[in-house]
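Worksheet: one structure, shown below.
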Amino acid sequence: MHYPDLVFDLYGTLVDIHTEEDDAVWEKTALYFGYYGAAYTGAELRAAFAEAMAARKARAGQSYECFPDLPFEPVMAELLRARGVTERADTLGVNAAQLFRVCSTHWLRLYPGVLEALTALRAAGHRLWLLSNAQRVFTAFELRALGLEDAFDGVYLSSDYGCRKPDGRFFRALTEDRQLDPARCLMIGNDRDTDIAGAQAAGMATLYLHTDLTPPDQPEADPARSPAACPGPHWELEGCDWPMLARLLPGL
């Protein structure tokens, strides 16, 4: 087995999700704030959130090799405090972040064949790791709702580390924590710029899946690079659907 460690992206790779953070979502979140005495309109809350997040990102800095990711819920708590809500502000900030996510989510579902593929890969002896640009405040609960809570040997979410793919620090958070050899890891993701480029810079082999959530400017997967066309160890594999991957990936 050349790649004992398989590293997965989540949204767009394993999970099909559609969210819209439109005016109605901000109005509902503002109504929740109003329950506790923090008076905002939806437009005011949206603008205040964007300003607070921009200020935090500016302090964190960003460059070619530095891609900060900031937890969502402390910003919500900050906006509650700004309107005089101090009691339980941190807890209310968590609740507000989760409410915002629920209101903005139109659907959340696994791609067909994902559970079967993960089961087959684990049965074949692979270790499975999740490395996702995601917010723990809602992603941890979405994993539970999708039946993925116990599917991985370890879960790494960018909001916990203050950086996101393609930042090399996020990949090292996994490989150094678990003492993994990057050359024996295969990263599976649906974004060439974050999942694939970041993993290759970190020394990992990659498998690119083109899905409905892949950025529209990125090309389709090349069938000539599929695991079926390139059996055995290969540095840059490209996609096929999960039922097929359940048959092809075990033993890679």
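A compact table of results
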read-out: Ratio of the Cα radius of gyration of the chain to 2.2 N^0.38 Å, where N counts its residues; value: 1.09
read-out: Centre separation in Å (Cα based) which lies between the stretch 189-238 and the stretch 78-125; value: 26 Å
read-out: The chain: antiparallel DSSP beta bridges as a percent of all, rounded to 5; value: 25 percent
read-out: Only Lys, Arg (+1) and Asp, Glu (-1) charged, at Cβ; the stretch 19-106 dipole about Cα centre in debye; value: 260 debye
read-out: For PHE8, distant residues with modelled amide H under 5 Å away; value: TRP129, LEU130, LEU131, ILE188
read-out: 20 °C / 1.002 mPa s Stokes-Einstein diffusion coefficient of the stretch 156-252, Kirkwood radius on C-alpha pairs, µm²/s; value: 154 µm²/s
read-out: Net dipole in debye of the stretch 82-167 [+1 Lys, Arg Cβ; -1 Asp, Glu Cβ; about Cα centre; nearest 20]; value: 180 debye
read-out: Ranked by how many other beta carbons lie within 10 Å on average, peptides 9-16, 238-245 from highest; value: 9-16, 238-245
read-out: Burial ranking of peptide ranges 130-140, 27-37 (average Cβ count within 10 Å, highest at the top); value: 130-140, 27-37
read-out: Rounded to 10°, Cα long-axis angle of helix 42-60 versus longest principal axis of the chain; value: 60 degrees
read-out: Fraction in percent of alpha-carbon pairs per bin - 10 Å, the stretch 76-189; value: 11, 35, 33, 16, 5, 0
read-out: Fraction of the pair-distance distribution of the stretch 19-106 above 23 Å, Cα-Cα pairs, percent; value: 22 percent
read-out: Degrees separating the helix 73-82 axis from the principal Cα axis of the chain, which is the longest one; value: 10 degrees
read-out: The chain, relative contact order [Cα under 8 Å, separation at least 6], %; value: 25 percent
read-out: 3J(HN,Hα) from dihedral phi, the stretch 234-242, Karplus parametrisation 6.51/-1.76/1.60, rounded to Hz, x for glycine, proline; value: 8, 6, 10, 8, 9, x, 7, 7, 5
read-out: Helical contribution to [θ] at 222 nm, DSSP H n ≥ 4, -39,500 (n - 2.57), averaged over the chain, rounded to 500; value: -12000 deg cm²/dmol
read-out: Amide H contacts of ASP167 (H built 1.01 Å from N, under 5 Å, at least 5 apart or other chain); value: PHE67
read-out: Amide H contacts of SER226 (H built 1.01 Å from N, under 5 Å, at least 5 apart or other chain); value: GLU238
read-out: Nearest-ten-degree value, helix 89-104 long axis tilted from longest Cα axis of the chain; value: 60 degrees
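Read the figures in this text as sums done on the coordinates, not as results from a lab. Values in this document were obtained by computation on a predicted structure and should not be read as measured data. In this analysis, Cβ positions are derived from the backbone assuming ideal geometry, glycine residues included, and neighbour counts consider all displayed protein chains.
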